[in-house]
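The values are calculated or read from the model by the stated rules, or taken from the named source; none is laboratory data. Here the structure is a predicted model, which is why all the values come from computation and not from measurement. Glycine gets a Cβ as well: all are built from the backbone with ideal geometry, and neighbour counts include every protein chain shown.
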Amino acid sequence: MKKLLLQNRKGQTIVGMLEKPAGEIKGTCVLQHGWGGNKEKPTMQAIKDSFLESGFQTFNFDTTNAFGESDGDYEKSTLGLHWEDFEDVVKWVQKQDWFIKPLALTGHSKGGYSAVRYAEEYPDEVDYLVPIAPVISGKLSFEAHKTTDPEGLEKWKKEGVLERIGKDGNLKRKHWFQMEERLQHDLLPNASKLIMPTLLIVGSKDISCPPKHVKILHDAIPEGKKEIVILDGAPHSYYEKSEQKDCKNAIKNWLKNN
């Protein structure tokens with residue numbers, strides 16, 4: 001395991017961990033966590049381990065404006081900035097002397113959005129795509145909030161800020177401009193470019209990025225090497241050991257078959 005630092009396009013420092021498998025290196029996987037997360041979150045560790053155990057070296061990094069080691073302020077985070085960091089990191093990774101093809105991209109939630117968007121914009125670079133509970137579009141994300149907590153959504157819009165304590169113990173202040181910015185993003189118009197083997201994973205009890213929304217993306221991807229796995233009983237993030245195991249097994253089995 002080796003800690004590596006790079007600079008994003010705004011001159012901010014991004015911190016990531018490069019880990020190599022025990023045996024032969026069969027490829028490289030880049031991972032990105034979701035909004036307000038970090039590379040150490042249980043969900044990200046489960047995803048990372050699934051690739052490591054399948055022979056991929058992994059670069060698991062902290063996005064800026066989150067709660068990891070990278071620069072930035074969580075209250076300034078947007079989906080667009082999340083994506084820009086991912087684009088900068090993947091471009092940087094491919095220039096390193098340790099980089100080995102094939103390239104696999106994965107991420108959770110907003111990180112899943114970033115992985116899909118990169119594959120849409122640079123399909124010739126990506127060999128495997130594994131979005132976990134990805135944000136599909138700002139419109140669908142808004143719809144999910146409205147369905148599960150309409151009063152909370154209205155309060156957030158009216159007051160301009162929403163505060164909560166995450167399971168990681170961090171105070172998370174979400175500003176309404178972040179939702180407005182999210183509405184500018186949509187993966188569906190370019191889904192036809194996702195011609196690489198793609199595995200979509202989502203929990204059956206995910207209310208942030210529900211299965212019906214992930215199925216919309218799945219249906220928009222061309223027929224071929226695409227698959228969707230719905231983890232029975234799993235929510236948006238995988239804090240339970242059983243949920244992490246199910247996620248790992250789904251990825252490992254898929255990689256073995258592809």
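Residues in region 12-20: is at least one within 20 Å of P134 (Cα to Cα), surrounded by fewer than 24 Cβ atoms within 10 Å (Cβ to Cβ), at pLDDT 95 or above and among the basic types (K, R)?
Checked region 12-20: no residue is within 20 Å of P134 (Cα to Cα), surrounded by fewer than 24 Cβ atoms within 10 Å (Cβ to Cβ), at pLDDT 95 or above and among the basic types (K, R).
Residue-by-condition table, conditions (1) touching an Asp or Glu at 6+ places or on another chain (Cβ under 8 Å); (2) surrounded by fewer than 21 Cβ atoms within 10 Å (Cβ to Cβ):
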{"residue": "L31", "(1), (2)": "no, no"}
{"residue": "E40", "(1), (2)": "no, yes"}
{"residue": "D49", "(1), (2)": "no, yes"}
{"residue": "E53", "(1), (2)": "no, yes"}
{"residue": "T64", "(1), (2)": "yes, no"}
{"residue": "S70", "(1), (2)": "yes, no"}
{"residue": "K91", "(1), (2)": "no, yes"}
{"residue": "F99", "(1), (2)": "no, yes"}
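Which residue, of K95, K146, K155, is under 22 Å from Q57 (Cβ atoms) and free of Cβ contacts under 8 Å to residues at least 12 places away in the same chain? Steps first, please.
Details: K146 fails: under 22 Å from Q57 (Cβ atoms); K155 fails: under 22 Å from Q57 (Cβ atoms).
The unique qualifying residue is K95.
How many of the residues making up region 65-104 are outside any loop (DSSP other than H, G, I, E, B) and either within 23 Å of F177 (Cβ to Cβ) or among the hydroxyl-bearing types (S, T, Y) (or both)?
Of all residues in region 65-104, those outside any loop (DSSP other than H, G, I, E, B) come to 74-76, 79-93, 103-104.
Among the residues that remain, those that are also either within 23 Å of F177 (Cβ to Cβ) or among the hydroxyl-bearing types (S, T, Y) (or both) are: 74-76, 79-88.
Number satisfying all stated conditions: 13.
Anything in region 120-156 that is touching a strand residue (DSSP E or B) at 6+ places or on another chain (Cβ under 8 Å), surrounded by fewer than 18 Cβ atoms within 10 Å (Cβ to Cβ) and closer than 25 Å to L105 by Cβ? List them, or say none.
Within region 120-156, E125, D127, K139 qualify.
Considering only region 36-58, state which residues are under 17 Å from F86 (Cβ atoms) and out of contact with any Gly (no Cβ under 9 Å at 6 or more places or on another chain).
Answer for region 36-58, where residues must be under 17 Å from F86 (Cβ atoms) and out of contact with any Gly (no Cβ under 9 Å at 6 or more places or on another chain): K48, T58.
Are any residues in region 126-143 touching a helix residue (DSSP H, G or I) at 6+ places or on another chain (Cβ under 8 Å) and in a loop (DSSP other than H, G, I, E, B), and if so, which ones?
Result: V126, A133, P134, V135, I136.
Please specify each residue of region 228-258 satisfying the condition of being part of a loop (DSSP other than H, G, I, E, B) and among the aliphatic types (A, V, I, L, M). Break it down stepwise before answering.
Of region 228-258, the ones part of a loop (DSSP other than H, G, I, E, B) are 232-240, 258.
Matches in region 228-258: A234 only.
Can you work out which of the residues in region 179-211 that are surrounded by fewer than 21 Cβ atoms within 10 Å (Cβ to Cβ) and of a type in the set (S, T, N, Q) is nearest to K146 (Cα to Cα)?
Out of the qualifying residues, it is S208.
Would you say V214 is among the β-branched types (V, I, T), on the phi < 0 side of the Ramachandran plot and surrounded by 15 or more Cβ atoms within 10 Å (Cβ to Cβ)?
On the way: among the β-branched types (V, I, T): yes; on the phi < 0 side of the Ramachandran plot: yes; surrounded by 15 or more Cβ atoms within 10 Å (Cβ to Cβ): yes.
Judged against the criteria, V214 is a match.
Only one of these conditions is not met by M44: (1) under 28 Å from E181 (Cα atoms); (2) in contact with a Cys (Cβ under 6 Å, 6 or more places away or on another chain); (3) not β-branched (V, I, T). Which number is it?
(2)
Examine region 38-52 for a residue that is touching a residue at least 40 places away in the same chain (Cβ under 8 Å), of a type in the set (V, I, T), part of a strand (DSSP E or B) and in contact with a helix residue (DSSP H, G or I) (Cβ under 8 Å, 6 or more places away or on another chain), and state whether such a residue exists.
The answer is no, given that none of the residues of region 38-52 is touching a residue at least 40 places away in the same chain (Cβ under 8 Å), of a type in the set (V, I, T), part of a strand (DSSP E or B) and in contact with a helix residue (DSSP H, G or I) (Cβ under 8 Å, 6 or more places away or on another chain).
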